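Q: Here you go, one structure.
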Amino acid sequence: MQDASVWMALSDPTRRRILDLLRAEPLTTGHITDEFPQTRFAVMKHLSVLVRSGLVTVRREGRTRWNYLNPVPIRVVCKRWVKPFEAKRADALLDLKEKIEGENKMQVGIHKVAFDVQILASRERVWKALTTEMDKWWRRDFFVNPDAKHFTMEPHVGGRVFEDWGNGAGVLWFTVMAIDPEKSVDLVGHLTPAFGGPATSMVRFAIDEAPQGVLVRVSDSTMGKESPGCEASKQDGWFQLIGKGLKLFVEKPAVTKSASGSRRPR
């Protein structure tokens, strides 16, 4: 059913143009409507279709409504309908072109990404996995040191989100700035020059009720110096961690032992 709403949303050129604008950067609703000759009401209707399809997610800051491109529905459609037929050689050439054109260029400013992931589980279960079971779903290929022993969040104000290498060594990824149990957690982290900075990143994970399960709403605002394509890369990274890692970990069926001792899904 979601595939149908995504295809329908993409069928209109005005809606595709809105997505093009949001692919470049998040925009307020006023900025979007100013880009089109249609009435504000007409553009708002198109924007509402995109929000309902999940292609656009909204964050409010005071009285201002910020709109973000949400890549998750497109990824789902792409995986089902495009990936089986993709031309890998053409993709490789395009990746090479983008890499060459982007070398030695840096962007200084504020870079924002946001998207929502639906997880078919209770708020309590998702919160536990998000805050106290990071080590079980945080991808090891994201570690600074592939031989790290643990990845941990201390779920209290001032707590650390860190990669533990043992014997006091490791990397501090974030510090917990604010936490509202089973509702939201706000993190702040620093990107050093060795990792492409200097920059400061503020990340928010919020859990909202959904018709089925919950929505994990991810927001990441980075201030400072980052390489070209940083927003797309950052959005893809969080999608891999939350949209795949956390989601698959929480939704996987529990396994129990049968009377004969064999393991079976519960």
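Q: Where a ≥ b ≥ c are the square roots of the eigenvalues of the C-alpha gyration tensor, would you call region 154-197 rounded, which needs a/c under 1.5, or, failing that, prolate if a/b is larger than b/c, or oblate? Each step should come with its number before you reach the end.
A: Details: a/c = 3.43, a/b = 1.49, b/c = 2.29.
It is oblate, given that a/c is not under 1.5 and a/b is not larger than b/c.
Q: List the residues, sorted by chain then number, that are 5 or more residues from residue 56 or on another chain and whose placed amide H is less than 5 Å from its amide H.
A: Amide H to amide H, under 5 Å and 5 or more residues apart or across chains, residue 56 pairs with 51, 70.
Q: What distance in nm separates the two pseudo spin-label positions at residue 210 and residue 136, each 7 Å out from Cα along the beta-carbon direction?
A: 2.0
Q: Among the listed pairs 45/128; 112/252; 112/183; 45/112; 45/244; 45/252, which are separated by more than 29 Å between their Cα atoms?
A: Details: 45/128 38 Å; 112/252 31 Å; 112/183 21 Å; 45/112 25 Å; 45/244 31 Å; 45/252 37 Å.
Flagged as over cut-off: 45/128; 112/252; 45/244; 45/252.
Q: Taking θ = phi - 60°, what integer Hz values does the Karplus form 6.51 cos²θ - 1.76 cosθ + 1.60 yield along region 179-186, in sequence order, with x for Gly and Pro?
A: Here the 3J(HN,Hα) series is 8, 10, x, 6, 10, 7, 9, 10 Hz.
Q: Further question: Hey, fewest Cβ within 10 Å first, where do 179, 32, 110, 18 land in order? All intermediate terms of the calculation are to be shown ahead of the outcome.
A: Working: 179 18, 32 21, 110 11, 18 26.
By the 10 Å Cβ count, ascending, the order reads 110, 179, 32, 18.
Q: So between residue 110 and residue 125, what do we pick up on full extension, going 0.36 nm a residue minus the alpha carbon distance?
A: Full-extension gain reported as 2.1 nm.
Q: What order do you get for 8, 177 when you list them from fewest to most C-beta neighbours inside 10 Å? Kindly include the intermediate steps, with their values, before the conclusion.
A: Working: 8 13, 177 16.
Going from least to most buried by this count: 8, 177.
Q: With each label point set 7 Å from Cα along the Cα-Cβ vector, what nm distance links residue 64 and residue 28?
A: Simple spin-label model gives 0.5 nm for this pair.
Q: What is the dipole size for region 113-164, taken about its Cα centre, with +1 at each Lys and Arg Cβ and -1 at each Asp and Glu Cβ, in debye to the nearest 20?
A: Charge dipole, region 113-164, about its Cα centre: 160 debye, nearest 20.
Q: From the Cα gyration tensor of region 2-77, with a ≥ b ≥ c the square roots of its eigenvalues, which class applies: rounded if a/c is under 1.5, or else prolate if a/b is larger than b/c, or else oblate? Kindly include the intermediate steps, with their values, before the conclusion.
A: On the way: a/c = 1.82, a/b = 1.30, b/c = 1.40.
Oblate is the answer for region 2-77, as a/c is 1.5 or above yet b/c matches or exceeds a/b.
Q: State, to one decimal in nm, how far the label point of residue 5 lies from the label point of residue 44, with both points 7 Å from Cα in the Cβ direction.
A: Once both label points are built, they end up 2.1 nm from each other.
Every read-out reported here was derived from the displayed coordinates using simple, explicitly stated rules and does not represent laboratory data. As the structure is a prediction and not an experimental result, all values here were calculated from the model. So basically every Cβ, Gly included, is an ideal-geometry build from the backbone, and we count neighbours across all protein chains shown.
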